[in-house]
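Note sheet for the following structure.
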Amino acid sequence: MDLNKITKGKSIPLGIIIIIITYLISGLSTSVAPFILFTGILIGLMNSDDIKEAAVASFLASLIASVIVIIISLSIMTMSYGMAYVAYFASPYILYGIMYVIAGVIGGIIGYYISNEINLYD
């Protein structure tokens, strides 16, 4: 597994963009985990050389995108309700971030197995 090969591809930036766009289109809801799972599956399909590469690529994309989504959510909450609610909702957002990353990695592994099952690149 070559980390430079994983980060050189276009799958990680594409995954980040897909997650952020689906988050913004969905009405800024907190239920982004299905979108991250689906994007992880797409990344796993794109990086189907090795299961480790698929998992690491989906991990990086979901980690970066979940941090961006959490920052967007907290900034909108700050503008709407003030700093009192941000302190109240900060710890659940950390748990949401961990859940998003786990969903992205599971999606990457599922995408790898889907691409191997249908022999996508053979």
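Here are a few things to note about the model shown:
- Most fluctuating residue given options TYR93, TYR81, TYR112, as computed from a GNM of the chain linking Cα atoms under 10 Å: TYR81
- Dividing the Cα radius of gyration of the stretch 27-98 by 2.2 N^0.38 Å, with N the residue count, gives 1.31.
- Accessible area in the full protein assembly, largest first, 1.4 Å probe, for THR7, THR39, THR22: THR7, THR22, THR39
- The label-point distance for TYR85 and ASN4, in a model that sets each label 7 Å from Cα toward Cβ, rounds to 4.8 nm.
- Debye intensity ratio in log₁₀ form over the Cα atoms of the chain, taken at each q of 0.14, 0.16, 0.17 Å⁻¹: -0.57, -0.70, -0.77
- Given charges at Cβ of Lys, Arg, Asp, Glu: the chain dipole, positive-most of VAL56, TYR100, VAL67: VAL67
- Within a Gaussian network of the chain (alpha carbon springs, distance under 10 Å), most fluctuating of TYR85, TYR100, TYR23: TYR85
- Rounded to the nearest 10 degrees, the angle from helix 83-117 to the longest Cα principal axis of the chain is 10 degrees.
- Contour minus Cα-Cα distance for ILE25 and ILE118 (0.36 nm per residue): 30.4 nm
- Inter-probe distance in nm under a simple model that places probes 7 Å from Cα toward Cβ, at SER75 and ILE17: 1.9
- Rounded to 10°, Cα long-axis angle of helix 51-81 versus longest principal axis of the chain: 20
- Computed on protein heavy atoms with a 1.4 Å probe, the accessible areas place LEU37, LEU95, LEU24 in the order LEU95, LEU24, LEU37, largest first.
- With 5 Å bins beginning at zero, the pair-distance distribution over Cα atoms of the stretch 1-68 amounts to 3, 20, 32, 22, 12, 7, 3, 0 %.
- The mean sequence distance of close C-alpha pairs (under 8 Å, at least 6 residues apart), as a share of the length of the chain, puts its relative contact order at 38 percent.
- Between 0 and 90 degrees, the angle of helix 11-25 with respect to the longest Cα principal axis of the chain falls at about 40 degrees.
- Averaged over its residues, the chain has an accessible area of 57 Å² per residue, based on protein heavy atoms and a 1.4 Å probe.
- Formal net charge of residues neighbouring TYR113 (Cβ-Cβ distance under 14 Å; K, R +1; D, E -1): -3
The values are calculated or read from the model by the stated rules, or taken from the named source; none is laboratory data. Here the structure is a predicted model, which is why all the values come from computation and not from measurement. We place every Cβ from the backbone using ideal geometry, glycine too, and count neighbours over all the protein chains shown. These accessible areas exclude ligands, DNA and RNA; they are computed on the full protein's heavy atoms, side chains included. Shrake-Rupley method; radii C 1.70, N 1.55, O 1.52, S 1.80 Å.
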